[in-house]
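Input: a single structure, listed below in structure tokens.
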Amino acid sequence: MSAPLFLVESLPTADALTLDGPEGHHAATVQRLRVGEELLLSDGRGGTAAAVVTAVGRGSLELTVTSRGYADAPVPRLVSVQGIAKGDRGELAVQAMTEVGVDEIVPWAAARSVTQWRGDRGVRAREKWVATAREAAKQARRPWLPVVAGAPDESTATVARRIAGAAAGFVLHEEAEERLTTADLPSTGEIVLVVGPEGGIDTAELTAFREAGARPVRLGPTVLRTSTAGVAALSVLATRLNRW
């Protein structure tokens, strides 16, 4: 079993350190790491440090760093524009997409989104996505923490501008003829993938995205839920881009 990963604000410069706070509590109290066990620290920006536990305190660990590393950010960058979904489906999508390697998630207030993020509710909902992405990145042992963009949700016009500035843009659509498995992919820049909400993407939105340069694509003959469509598409992209 691989060593568990814990996120820190900045990696230690010394060889000995104390892991405390929420991450230290989780390591010592929840995961019950013991003296001699190994773990990974990451700053979420590519930097990592392997360490061994030398002492266990109440909600904290004493560590000795054994090695350090850095992982370059993968290219092209994968951005998923996720239509806001009702219930916990949005969080399920964020969790799964983070685990398979998404680099940025953009909450999108689509016309057919049943749930709308407004005011304090929107701020809290976005914070849940951020927390979900953080925990999923730790589970996946990712050295790069994905960004959850937005304020707290993006409009169709904003998404269209994002597509226009990308190296490639794709919209998952059940009526598309082109398949994501065979679409041309760039080797650099940013790939923007648009995933609609439960009700799908309406005609005006699809037109706006196409005019911005996006291409409608499909995955196969079946229609996937909003919580699974993004992770399936990102899996295709990760395989084709040799991330997997």
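The values are calculated or read from the model by the stated rules, or taken from the named source; none is laboratory data. Everything quoted here is computed from the prediction, not taken from an experiment. All Cβ positions, glycine included, derive from the backbone under ideal geometry; neighbour counts span all protein chains shown.
If only residues of the stretch 68-110 that are charged (D, E, K, R) and outside any loop (DSSP other than H, G, I, E, B) are counted, the one that is nearest to Lys128 (Cα to Cα) is Glu91. Only one entry of Glu23, Glu9 meets the criterion of being surrounded by 18 or more Cβ atoms within 10 Å (Cβ to Cβ), charged (D, E, K, R) and not in a strand (DSSP E or B), and that entry is Glu23.
Select, from Ala125, Ala131, Ala136, Ala157, the only residue that is within 23 Å of Ala238 (Cα to Cα) and not in a loop (DSSP other than H, G, I, E, B). Result of the check over Ala125, Ala131, Ala136, Ala157: Ala136.
How many residues are in contact (Cβ under 8 Å) with a residue 40 or more places away in the chain and over 18 Å from Leu145 (Cβ atoms) when one looks only at the stretch 15-49? Matching residues across the stretch 15-49 total 5. Kindly evaluate Asp153 against the criterion of being at pLDDT below 95 and under 30 Å from Gly213 (Cα atoms). Yes. Scanning the stretch 61-78 turns up no residue that is free of Cβ contacts under 8 Å to residues at least 12 places away in the same chain and not assigned by TED's automatic domain parsing to the domain that holds Ala160.
Among the residues of the stretch 40-63, is there at least one that is small (Gly, Ala, Ser), assigned to a loop (DSSP other than H, G, I, E, B) and within 25 Å of the chain's Cα centre (by Cα)? Looking through the stretch 40-63, at least one residue is small (Gly, Ala, Ser), assigned to a loop (DSSP other than H, G, I, E, B) and within 25 Å of the chain's Cα centre (by Cα). Quick one: in the stretch 57-81, of everything that is at pLDDT 95 or above and among the basic types (Lys, Arg), which residue is surrounded by the fewest Cβ atoms within 10 Å (Cβ to Cβ)? Out of the qualifying residues, it is Arg68.
Mind checking which residues of the stretch 26-49 are crowded, with 16+ Cβ neighbours inside 10 Å and among the polar types (S, T, N, Q)? Scanning the stretch 26-49 gives Ser42, Thr48.
Could you tell me whether any residue of the stretch 198-218 is of a type outside the set (D, E, K, R) and within 20 Å of the chain's Cα centre (by Cα)?
The first filter runs over the stretch 198-218 and keeps only residues of a type outside the set (D, E, K, R), leaving 199-201, 203-204, 206-209, 212-214, 216-217.
Narrowing the set further to residues that are within 20 Å of the chain's Cα centre (by Cα) leaves none.
No, the stretch 198-218 contains no residue that is of a type outside the set (D, E, K, R) and within 20 Å of the chain's Cα centre (by Cα).
Here Ser113 fulfils each of the conditions (1) out of contact with any Leu (no Cβ under 7 Å at 6 or more places or on another chain); (2) assigned to a strand (DSSP E or B); (3) of a type in the set (Ser, Thr, Tyr) apart from (2).
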